[in-house]
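Student: Structure incoming, see below.
The values are calculated or read from the model by the stated rules, or taken from the named source; none is laboratory data. None of the values given here were measured: they were computed from a predicted structure. For neighbour counting, all protein chains shown are included, and Cβ atoms are generated from backbone atoms with ideal geometry for every residue, glycine included. Areas reflect the complete protein model, heavy atoms only, side chains present, ligands, DNA and RNA absent. Shrake-Rupley method; radii C 1.70, N 1.55, O 1.52, S 1.80 Å.
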Amino acid sequence: QVQLVESGGGFVQPGGSLRRSCAVSGVTFSLYSMGWYRQAPGKQRELVATVTTNRITSYNDSVKGGFTISRDNAKKTVYLQMNSLKPEDTAVYYCKMSRNSVVFWGQGTQVTVSS
């Protein structure tokens, strides 16, 4: 059974930092591309960042320079380090793993940036 367990969300003031984690079980983690997505109220879900099996990363322009995605294949975990957070980063953040047409999503966790 495939499981994606997310952690690290919460509340932070503008300019603060959070680190999201997504621990995977039930699959060969190293074979999957990993990504983080987010969905703000009233908006569509959007890509935040991805990391391929070869550790090639890509980012939404709105988070470049502030967010960093990384993966630890030994721990079967993908991370999203979020620095210099802004109120517009407030959203539910989701972990996604994919390989060809196979896709799995995490449960999503709220991140709120507010003073």
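Student: Where both partners of a DSSP beta bridge lie in the chain, what percent of those bridges are antiparallel, to the nearest 5?
Tutor: So the antiparallel bridges amount to about 95 percent of the total.
Student: Please report the relative contact order for region 30-115, taking Cα pairs under 8 Å with a sequence separation of at least 6, and give it as a percent rounded to a whole number.
Tutor: 28 percent
Student: Follow-up question, since we're still on this one. Provide the gained length on full extension for the span residue 53 to residue 100, in nm with one decimal, where the gain is 0.36 nm per separating residue minus the Cα-Cα distance.
Tutor: Difference between extended and current length: 15.7 nm.
Student: Determine the share of the chain's accessible area contributed by carbon and sulfur atoms, expressed in whole percent, with a 1.4 angstrom probe.
Tutor: On the chain, the fraction of accessible area on carbon and sulfur atoms equals 47 percent.
Student: For region 1-67, what number results from the quotient of the Cα radius of gyration and 2.2 N^0.38 Å?
Tutor: 1.25
Student: Taking 0.36 nm per residue of sequence separation and subtracting the Cα-Cα distance, how much length would be gained by fully extending the chain between residue 61 and residue 112, in nm to one decimal?
Tutor: Here the answer is 16.4 nm.
Student: For the pair residue 74/residue 43, report the inter-label distance in nm, with labels modelled 7 Å from Cα in the Cβ direction.
Tutor: About 3.7 nm separates the two model spin labels.
Student: Which semi-axes, in whole Å and largest first, does the equivalent ellipsoid of the chain have when worked out from the alpha carbon gyration tensor as the square roots of 5 times its eigenvalues?
Tutor: 23, 14, 13
Student: Then there's this: Could you give the accessible area per residue of the chain, probe 1.4 Å, as a whole number in Å²?
Tutor: 53 Å²
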